[in-house]
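One structure is given below, represented as structure tokens, and several questions about it will come after.
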């Protein structure tokens, strides 16, 4: 079973603020009358009718629907509700694989004796989520993860779709090839040139010919089109990366200012990692330059780190080595991957990073948690007036 919360962030806003119900709601950056920076995080179904979707530039979203309700995201609220939904799922099965804040796979094989048929169980799950959160979810039931994921998306919102065992190929056959994992616009165009328009077309295509034309990827698509997916639902779904980024209101040519922003991002990211008990070995710098060109540069180190000094030093070093060629910066961010959980003392990346600095950061964490993020800050981040 695959469960997907419908337009999650936007639906939470409509649930918490009744005056938003029935209106196009866009969660994301401030559009500033069409001059805003940043992107859409989520859009209600009313907003989607205007062509608004996640990752769309917020300025374009405003132009498409200036009458929409534009709100800033409230991640803590969304996280709290996400935990509540996952707890509900675990009441129906011990095998829950959460793959994002608003969706999860659930192995219900061993639960059917307690809760009835797959459809009966899914209806109970949806009803309990609605009763306890006021939110709707769409559910896909299928013999494997791939088809369950597709099924949950077919009848949104408040959908419930079942693919019976043995009916996998029949279920998939009429669907567009874009429904296949990893098939984007370019792959779709290549497949259409081969006369392939539906998943069923791939299923009956000669597998050797498809592999010759697309390589190993072609064989993978052929397997999925034939309903083959042997992955198990796993409870050990670990987070792969954690990141923070900032979009400037105007493109920035002052690289000293960019480095100050990287310091602030490193500070926020370090605090989040300490709170979540995470450390990582790969630090990635993300740069979006004028003209929306986006680049990433990464560095993998020996030790696991999470302290602000290490994150800042690596990110700034990557930035200084990037051939920016006097172009202005639109967005900058830092991501940490190859994550592990904190255990014992961290081995500092730099000899001059004493343990007392980490103790000071933990003290700042406590003060901010008690008095708010704006109650205390580093002197470096204060602007001269």
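Would you kindly identify the strands (runs of 3 or more DSSP E) lying entirely within the stretch 85-201 that contain at least 2 residues that are over 24 Å from the mean Cα position of the chain (by Cα) and in the same structural domain as residue 13 (by TED's automatic domain parsing)? Before the answer, list the steps.
Details: elements: 96-100, 103-106, 137-141, 160-162.
So the answer is none; nothing clears 2.
To continue, here is another question. In the stretch 170-202, which residues are modelled with pLDDT of 95 or more and under 26 Å from residue 109 (Cβ atoms)?
170, 171, 172, 173, 175, 199
State the number of residues belonging to the stretch 69-81 that are touching a residue at least 60 places away in the same chain (Cβ under 8 Å) and assigned to a helix (DSSP H, G or I). If you could, list the steps in order and put the result at the bottom.
Taking the stretch 69-81 as the starting set, the residues that turn out to be touching a residue at least 60 places away in the same chain (Cβ under 8 Å) are 73-74, 77-78, 81.
After this cut, where a residue has to be assigned to a helix (DSSP H, G or I) as well, the list is 77-78, 81.
Looking only at that region, the number is 3.
List pairs: first residue in the stretch 295-307 and touching a residue at least 12 places away in the same chain (Cβ under 8 Å) and in the same structural domain as residue 264 (by TED's automatic domain parsing), second residue loosely packed, with under 14 Cβ neighbours inside 10 Å and in a strand (DSSP E or B) anywhere in the structure, Cβ distance under 7 angstrom, at least six positions apart or on different chains.
Pairs found: 304/340.
Now, a different point. For the stretch 294-309, give me each residue that is buried (at least 22 other Cβ atoms within 10 Å of the Cβ) and within 20 Å of residue 255 (Cα to Cα).
Matches in the stretch 294-309: 308 only.
Mind checking whether some residue in the stretch 31-39 is surrounded by 14 or more Cβ atoms within 10 Å (Cβ to Cβ) and under 20 Å from residue 4 (Cα atoms)?
Of the residues in the stretch 31-39, the ones surrounded by 14 or more Cβ atoms within 10 Å (Cβ to Cβ) are 31-32, 36-39.
Now narrow it down to the ones that are under 20 Å from residue 4 (Cα atoms): none.
No: zero hits.
Could you say whether any residue in the stretch 161-184 is out of contact with any helix residue (DSSP H, G or I) (no Cβ under 7 Å at 6 or more places or on another chain), surrounded by 13 or more Cβ atoms within 10 Å (Cβ to Cβ), within 29 Å of residue 8 (Cα to Cα) and free of Cβ contacts under 8 Å to residues at least 40 places away in the same chain?
Within the stretch 161-184 (the criterion being out of contact with any helix residue (DSSP H, G or I) (no Cβ under 7 Å at 6 or more places or on another chain), surrounded by 13 or more Cβ atoms within 10 Å (Cβ to Cβ), within 29 Å of residue 8 (Cα to Cα) and free of Cβ contacts under 8 Å to residues at least 40 places away in the same chain), the answer is no, since none of the residues qualifies.
The values are calculated or read from the model by the stated rules, or taken from the named source; none is laboratory data. This structure is a prediction, so every number in the text was calculated from the model and none was measured. Virtual Cβ from ideal backbone geometry, glycine too; neighbours counted across all protein chains shown.
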